[in-house]
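The values are calculated or read from the model by the stated rules, or taken from the named source; none is laboratory data. These figures come from a predicted structure and were not determined experimentally. Please note: Cβ atoms are built from the backbone with ideal geometry, for glycine as well, and neighbour counts cover all protein chains shown. Keep in mind that these areas ignore ligands, DNA and RNA; they rest on the heavy atoms of the full protein, side chains included. Shrake-Rupley method; radii C 1.70, N 1.55, O 1.52, S 1.80 Å.
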Amino acid sequence: MVLFAARSQNALHRLLDVLPVFAGDSRIRRHFTLVPGSDFSLDALDAIERAGGHTLPWAEATSRGFDLVLAASPKGDLRALHGPRVLLPHGAGFNKSIPGEGTEDSASGLDPAHLMAADGGLLADLYAFAHPGQVSRLAAVSPEAAARAKVVGDPVLERFLDSAGRRDRYRAALRSGARRLVVLVSTWGPESLLRRRPSLPADLAAVLPYDEYQLALVVHPNERVRLGTVDLAQHLEPAVQAGLILPAAYEEWASVAVAADALVSDHGSAALYAAALDRPLLAAYEGGTELIPGSPMATLLDAVPRLGPDPATAPATLSDALRAHRPGTVRALTDSAFAEQGNGLDRLRTELYALLGLDPPAVPAIPRLLPDPTPPPVTPSAFAVRIRHGERGLIHVARHPAHLAPPTPVHHLAAEAGTAATRYTQGAALLYRRAAPPDPAPAGAVVRTAADWTDRTLADHPGGRRTAAVVLSPAHCLLRTRTGPLLAVRIAPCPEPDGQVYPDPAAVLSAVHAALMTTEPAPAALTCGVGERVFAVRLSEASPDEAALPV
């Protein structure tokens, strides 16, 4: 029997990633128990139950013997568990010292106050590490423990490496499109990003153009417990309404990190995994007492650009960092954290089965691929739109969620009719809708044509210079102003080396609206700039067949 002893939700997640080591072996029975003593233990018990593990109460777990005991935290009374004990890393790199816990300035996870019992005995029969440098650090504080240490790699990194080829799949699930996915990573505690800069998700959602950037936030499980589900949701509500992705604490966060174009991180170790895939990283840690100088995360944060405190500078900082990134530079900075890359589970299996006194199964130990992430729960339906006119008819569009204060005065408000709140549709200069799929209408249903809908929408919203439009496809829209005819809008994709990129047609409609408000008669063509891409747009009077299309 193998016992997985978890003290917190995060420790449990580390243990679950070890399960493939025993895959295919009918000789192994897996049990889980909750190690008492942590402020975050109740959520760990819930996580065990969600994982479907066979749980044992602590009193029962301490009263029987096991062939192997696995733990991912040295804290708690692990010596009360009977059987060969294996201690796995709680995270990547041993970067933090937690004030008030154990020996001052000692790395959490390498603290002799936790690795040794009060009588001087060793806590584990095997200390499993991801890199030889970690064994050297342990030897400096506890030569006895280091004598029982082995370098076996990192099971979490193995999942990242095996799942790297699914990046496009994850981005499709997240509906990232051609946007740059920026993932904020927050550890827990008073020096964490979310504690020190609680408004950063909403601040970035306000200043980063929606059609150019997508935002996600990875929150440490302990911080989720501290805040609670309701308070966390309420705190992040403005950013979530702007499209912020908040992935689950187990597995899904890693899928989102694989999909990322860039990460913004405090001193927590989670960003090391994405950095090992060479994702650009920006530092958002202002210093303190927790980060250990010379640790892998300290080295990484010292070498990467820094996201300053002024949100208005974030677009330029991110753009410069992405442009300046050179392949291999970030990955090289993680070499001091990870060894045995691509071979970690095999190495760990060898050591664990040696303790069990068994031959391992003939089937290989294969990391479980990371799951597809959940799509964003919210897509903004009202935008404050900035317009910038360039040379030769170029109209550059930057859209920002309307409920967040835009960084500069805006040209107009655009809202999706039937989806956006009334407060936005009443004041919108551009009202648009996305046509329903061409399924047969149910008997007795009222079917509106594009001509009917645009005409009725303008009549229902009197006053002002308004435009009503219907998005039929990524390349085809219909549009009319209060005084003009129904127009067909054709959008050409922007060619790129890997294929073609289509914009959100609603962004292009804002460019057309701006052109129609300044040009009489309607131009036959224009170019719409969205970020660094330019899209050719043709306008013509809609045909009778187009006007009769159902919406």
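Annotations for the structure displayed:
- Test: PRO503 is over 18 Å from THR449 (Cβ atoms) and either open to solvent by 20 Å² or more (accessible area, probe 1.4 Å) or touching a His at 6+ places or on another chain (Cβ under 6 Å) (or both): no
- Meets criteria (of a type in the set (D, E, K, R) and touching a Lys or Arg at 6+ places or on another chain (Cβ under 8 Å)) for ASP231: no
- Residue in segment 357-376 that is among the small types (Gly, Ala, Ser), surrounded by 18 or more Cβ atoms within 10 Å (Cβ to Cβ) and out of contact with any strand residue (DSSP E or B) (no Cβ under 7 Å at 6 or more places or on another chain) present: yes
- Listed by position, the helices (runs of 4 or more DSSP H) enclosed by segment 1-83 include none that has at least 3 residues that are surrounded by fewer than 19 Cβ atoms within 10 Å (Cβ to Cβ) and at pLDDT 90 or above.
- The selection criterion, being open to solvent by 50 Å² or more (accessible area, probe 1.4 Å), in contact with a strand residue (DSSP E or B) (Cβ under 9 Å, 6 or more places away or on another chain) and more than 16 Å from ALA92 (Cα to Cα), does not hold for LEU232.
- Index of the failed condition, ARG167 passing every other in (1) open to solvent by 50 Å² or more (accessible area, probe 1.4 Å); (2) in contact with an Asp or Glu (Cβ under 9 Å, 6 or more places away or on another chain); (3) of a type in the set (Lys, Arg): (2)
- Checking ALA511 against (1) open to solvent by less than 30 Å² (accessible area, probe 1.4 Å); (2) more than 38 Å from the chain's Cα centre (by Cα), the condition it does not meet: (2)
- On inspection, GLU252 passes the criterion of being out of contact with any helix residue (DSSP H, G or I) (no Cβ under 9 Å at 6 or more places or on another chain) and touching a residue at least 40 places away in the same chain (Cβ under 8 Å).
- Residue match in segment 515-523 (condition: surrounded by 17 or more Cβ atoms within 10 Å (Cβ to Cβ), over 22 Å from ARG392 (Cα atoms) and of a type outside the set (S, T, N, Q)): no
- Exclusive hit being modelled with pLDDT of 95 or more, among the small types (Gly, Ala, Ser) and open to solvent by less than 20 Å² (accessible area, probe 1.4 Å), set ALA475, ALA468: ALA468
- Among the residues listed as PRO497, PRO442, PRO438, PRO523, the single one being at pLDDT below 95 and either aromatic (Phe, Trp, Tyr) or in contact with a helix residue (DSSP H, G or I) (Cβ under 8 Å, 6 or more places away or on another chain) (or both): PRO523
- When every residue of segment 436-453 is checked against the conditions, none turns out to be touching a His at 6+ places or on another chain (Cβ under 8 Å), surrounded by fewer than 21 Cβ atoms within 10 Å (Cβ to Cβ) and charged (D, E, K, R).
- Residues that are free of Cβ contacts under 8 Å to residues at least 12 places away in the same chain and not in a loop (DSSP other than H, G, I, E, B) within segment 351-372 comprise TYR353, ALA354, listed in sequence order.
- Segment 323-363 - residue that is touching a Lys or Arg at 6+ places or on another chain (Cβ under 7 Å) and charged (D, E, K, R) and, of those, modelled with the highest pLDDT: GLU351
- Against the criterion of being out of contact with any strand residue (DSSP E or B) (no Cβ under 6 Å at 6 or more places or on another chain), open to solvent by 20 Å² or more (accessible area, probe 1.4 Å) and charged (D, E, K, R), ARG180 does not qualify.
- Listed by position, the helices (runs of 4 or more DSSP H) inside segment 246-345 whose residues that are buried (at least 24 other Cβ atoms within 10 Å of the Cβ) number at least 3 are 252-259, 271-276, 296-303.
- Residue check, PRO485 farther than 25 Å from GLU212 by Cβ and not in a strand (DSSP E or B): yes
- Any chance VAL225 is hydrophobic (A, V, I, L, M, F, W, C) and open to solvent by less than 30 Å² (accessible area, probe 1.4 Å): no
- Only a single criterion out of (1) open to solvent by 40 Å² or more (accessible area, probe 1.4 Å); (2) touching a helix residue (DSSP H, G or I) at 6+ places or on another chain (Cβ under 9 Å); (3) of a type in the set (D, E, K, R) is not satisfied by ARG399, namely (1).
- Residue, nearest to THR379 (Cα to Cα), within segment 478-493, restricted to residues that are open to solvent by 20 Å² or more (accessible area, probe 1.4 Å) and within 38 Å of the chain's Cα centre (by Cα): PRO493
- All of VAL410, VAL447, VAL471 fail the test of being in contact (Cβ under 8 Å) with a residue 60 or more places away in the chain and either not aromatic (Phe, Trp, Tyr) or not in a loop (DSSP other than H, G, I, E, B) (or both), apart from VAL447.
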